[in-house]
Amino acid sequence: MKQYDIFVDSVWGPSGTGEYFDSENPFTGKAWAKIPRCDANDVDRAVKAAYAAYDKGPWAEMTATGRGALLRKLGDLIAENAELLADTEVTDNGKLKAEMYGQMQYLPQWFYYFGGLADKVEGANIPIDKPGFFNFTQYEPLGVVAVITPWNSPLLLACWKIAPALAAGNTIVVKPSEFTSASMLEFAKLVDRAGFPKGVFNVVTGFGQDVGSALVEHPKVARIAFTGGEIGGVKVYEAAARGLKPVSLELGGKSPNIVFADANIDNAVRGAVAGIFAATGQTCMAGSRLLVHESIHDEFVEKLLALAKTAKMGNPLQSDTTVGPVTTRPQFEKVLSYIDIAKSEGAKCVLGGEAAKRAECGDGWFVEPTVFTNVTNDMRIAQEEVFGPVLSIIKFSTDEQAVEIANDVMYGLAAGVWTQDISRALTMAKRIRAGTLWVNAYRVVSYMTPFGGYKRSGIGRENGQEMIKEYLQVKSVWINTNKEIPNPFVLG
Ligand code: NAD
């Protein structure tokens, strides 16, 4: 078994507790790596190291241009090591090698983009209204940023936070998911090799309730960037409120993928299948509610099932596998329990509906790609996030009804609409309450454009130019050029 160290103050070593926990491979169901089990003392050490690096020394004194160059160097190292990072993620979270390798090859772009932005944030010279005064603004880093991430796309979601936060001059303490910590520790080796000054980047591993909460509550943490589920998100938000800390929360979704009668059906079928079965449905933006116009419903379902049935389940490291295992054992059980809930609610299971028993799936945590029809939007299967390969199909008859169903959910992360009619597409873009809307596409993201949720899908955005300012604070500097300060006790 592989044994990992944590990275604190630019030193590799065990946690202070000397304890480890196992990371399991979802394909084999067996432990493959030992991860240090940190506690609040390790968190304290990491935050203090990060604070010292932010406060003074080479990082604090480095020019923004210098920081940008370091970020770009890190981007190059990620590109060179994309295969190793992808293999680590696949072993840890069971997602397909093809997807994770693609993600790792794309990941350097965050460091090139935000590295480029680092020295383009400019303060202003304010034409101040006070005679004899000169006033300007300057942007400064916030300090230590706590980065807390889930298990589904461990490095991608962490780098959405790390790249802009470092570009802005902050320092970082990351707490990856206890289910998928290995890739972040491999990533830290690249940060180390890139030559970031001591203490700028730190990784502590362990569980949410002790390590995660100690991190968000640490008084020297200035900002929290969290992606995860609602329960953890609410706790983090409460802790942030107590500490009066800015926080961004990227939470869950129950995103509608809407197919209108005028859609290109074959394309929409592919988009619907990719929207729910890619990544085994374990993405926050999964198109888990498929709204289909009644006039094309039966034809659409038939074509969708035909494509879904071609799913090849098995070893996620194999290039021809198209649906991998569920990442964690508790998640596997949760997905199966939602399938039972859907059946008991009266939804009709037209595909899958059970744990996969295919020989290629071995002892892994596999769930058959599952499709329910006859779903109504009030059912739990239509309202709650399953985070697995389970699709709920809901019929609609008018555009107005499609909008109502799409918005009648507590989440608002993303939505897809399939139509050839531009005015309908633009109307939907306006009326659907979600942070991202795709027309004739699903599940596309970029470092250049904001991503985040309306309603209970979260607070704040990630990606895009404005993001760098989310990791900065502005200072107003006043300079009095008057030769004499008037006597404060002489009015007028
Ligand atoms: P989770 O909330 O259980 O865990 C996320 C992280 O938070 C982990 O590192 C965990 O250890 C930590 N954590 C848990 N409780 C904490 C606490 N009290 N204080 C501090 N940290 C704590 O989520 P998960 O099961 O790992 O991930 C799945 C969830 O993530 C899904 O709901 C999914 O929708 C969401 N997600 C959202 C996005 C997005 O961009 N909106 C992206 C991916 C995943």
Checklist line | Principal-axis tilt of helix 297-308 within the chain, Cα atoms, nearest 10 degrees | finding: 80 degrees
Notebook entry, point to check: In sequence order, what are the phi-derived ³J(HN,Hα) couplings for region 469-484 according to the Karplus relation 6.51 cos²θ - 1.76 cosθ + 1.60 with θ = phi - 60°, rounded to whole Hz, with x for glycine and proline?
Noted result: 6, 5, 10, 10, 10, 9, 10, 9, 10, 10, 10, 8, 9, 5, 6, 10
Margin query: Show me the ranking of peptides 125-137, 192-204, 312-324 by mean Cβ neighbours inside 10 Å, starting with the highest.
Written below: 192-204, 312-324, 125-137
Check: Once phi is turned into θ = phi - 60°, what whole-Hz ³J(HN,Hα) does the Karplus curve with 6.51, -1.76 and 1.60 give for every residue of region 400-406, x standing for Gly and Pro?
Finding: 4, 5, 4, 5, 4, 5, 4
Note to self: Can you list residues from other chains, or at least 5 along the same chain, whose modelled amide H is less than 5 Å from the amide H of F21?
What the structure shows: I35, R37
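Taking the square root of 5 times each eigenvalue of the Cα gyration tensor, what semi-axes in Å does the equivalent ellipsoid of region 256-439 have, largest first? Before the final figure, lay out the partial values.
On the way: eigenvalues 146, 57, 45 Å².
Values for region 256-439, descending: 27, 17, 15 Å.
Calculate the dipole size of the chain relative to its Cα centre from +1 charges on Lys and Arg beta carbons and -1 charges on Asp and Glu beta carbons; express the result in debye to the nearest 20.
Values: 49 positive and 55 negative charges, 157 e Å.
Dipole about the Cα centre, nearest 20: 760 debye.
Using the structure shown, select from K120/K475; K95/K309; K73/K455; K34/K469; K30/K303 the pairs with a Cα to Cα distance greater than 26 angstrom.
Details: K120/K475 17 Å; K95/K309 19 Å; K73/K455 38 Å; K34/K469 37 Å; K30/K303 37 Å.
Over 26 Å Cα-Cα: K73/K455; K34/K469; K30/K303.
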Notebook entry, point to check: What is the distance, in nm, between label points placed 7 Å from the Cα along the Cα-to-Cβ direction at K455 and at A441?
Noted result: 2.4 nm
Note to self: Taking amide H atoms as placed 1.01 Å from N in the peptide plane, list the residues 5 or more away in sequence, or in a different chain, whose amide H sits under 5 Å from that of Q473.
What the structure shows: E140, L142
Checklist line | Virtual paramagnetic centre 7 Å along Cα→Cβ of T310, amide N under 19 Å, in region 268-294 | finding: 268-281
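Can you tell me the dipole magnitude for region 256-439 around its Cα centre, using point charges on the Cβ only (Lys, Arg +1; Asp, Glu -1), in Debye to the nearest 20?
Roughly 320 debye, rounded to the nearest 20.
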Item checked: FRET efficiency estimate (nearest 0.05) - Cβ-Cβ, D363 to D262, R0 45 angstrom -> 0.45
Check: How many nm is it between the label spots at K483 and F134, if each spot is 7 Å from the Cα in line with the beta carbon?
Finding: 1.8 nm
Margin query: Can you give me the distance in nm between label points at E354 and I126, each placed 7 Å from the Cα along the Cα-to-Cβ direction?
Written below: 6.9 nm
Check: What residues have an amide H closer than 5 Å to that of V350, excluding those fewer than 5 places away on the same chain, when H is modeled at 1.01 Å from N in the peptide plane?
Finding: V371, F372, T373
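Mind ordering 217-223, 277-283 by average Cβ neighbours within 10 Å, highest first?
Details: 217-223: 19.0, 277-283: 24.6.
Going by the mean number of other Cβ atoms within 10 Å, highest first, we get 277-283, 217-223.
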Notebook entry, point to check: How are the Cα pair distances of the chain distributed, in percent, across 10 Å bins from 0?
Noted result: 4, 19, 27, 24, 15, 7, 2, 1, 0, 0
Check: Given N residues in region 342-386, what is Rg(Cα) / (2.2 N^0.38 Å)?
Finding: 1.33
Checklist line | For the chain, with +1 on Lys and Arg beta carbons and -1 on Asp and Glu, the positive-most of L155, S457, G116 along the dipole | finding: G116
Notebook entry, point to check: What does the highest-first list of 48-54, 406-412 look like by mean Cβ count within 10 Å?
Noted result: 48-54, 406-412
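Determine the gain in length on full extension of the stretch M1-T63; use 0.36 nm per residue of separation and subtract their C-alpha separation, reporting nm with one decimal. Intermediate results must be reported in sequence, preceding the final value.
On the way: separation 62, 0.36 × 62 = 22.32 nm, distance 4.22 nm.
Gain on stretching M1 to T63: 18.1 nm.
Helix-only mean residue ellipticity at 222 nm, the chain, DSSP H runs n ≥ 4 weighted -39,500 (n - 2.57), per residue, nearest 500. What is it? Walk me through the intermediate numbers first.
Values: 17 runs with 184 residues, N = 492.
Calculated from helices alone, the mean residue ellipticity at 222 nm is -11500 deg cm²/dmol.
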Notebook entry, point to check: Over the C-alpha atoms of region 217-337, what are the Rg and the largest Cα-to-Cα span, Dmax, in Å?
Noted result: 19.2, 59
Checklist line | Given charges at Cβ of Lys, Arg, Asp, Glu: the chain dipole, positive-most of N41, T481, Y54 | finding: T481
Margin query: Could you tell me which residue out of L413, T283, F187 lies farthest along the dipole of the chain toward its positive end? Charges go on the beta carbon: Lys and Arg +1, Asp and Glu -1, centred on the Cα centre.
Written below: F187
Notebook entry, point to check: So what's the Cα pair-distance distribution over region 117-248, bin width 5 Å, in %?
Noted result: 2, 10, 19, 20, 17, 11, 8, 5, 4, 3, 2, 0, 0
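Provide the three semi-axes, in whole Å and in decreasing order, of the ellipsoid equivalent to region 135-212 as defined by the square roots of 5 times the Cα gyration tensor eigenvalues. Don't jump to the answer; show the numbers that get you there.
Values: eigenvalues 114, 41, 25 Å².
Each semi-axis is √(5λ); the values are 24, 14, 11 Å.
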Checklist line | Residue-normalised accessible area of region 256-439, given per residue in Å² at a 1.4 Å probe | finding: 39 Å²
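What dipole magnitude, in Debye to the nearest 20, does region 1-145 give about its Cα centre under +1 on Lys/Arg Cβ and -1 on Asp/Glu Cβ?
Working: 14 positive and 21 negative charges, 30 e Å.
Result for region 1-145 is approximately 140 debye, rounded to the nearest 20.
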Note to self: Residue by residue through region 250-263, what is 3J(HN,Hα) from phi via Karplus (6.51 cos²θ - 1.76 cosθ + 1.60, θ = phi - 60°)? Round to whole Hz and write x for glycine and proline.
What the structure shows: 10, 10, x, x, 9, 7, x, 10, 10, 10, 8, 4, 8, 6
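The values are calculated or read from the model by the stated rules, or taken from the named source; none is laboratory data. In this text the structure is predicted, and so the values were computed from the model without any measurement. Positions of Cβ are generated from backbone atoms using ideal geometry, with glycine treated the same way; all protein chains shown enter the neighbour counts. Areas reflect the complete protein model, heavy atoms only, side chains present, ligands, DNA and RNA absent. Shrake-Rupley method; radii C 1.70, N 1.55, O 1.52, S 1.80 Å.
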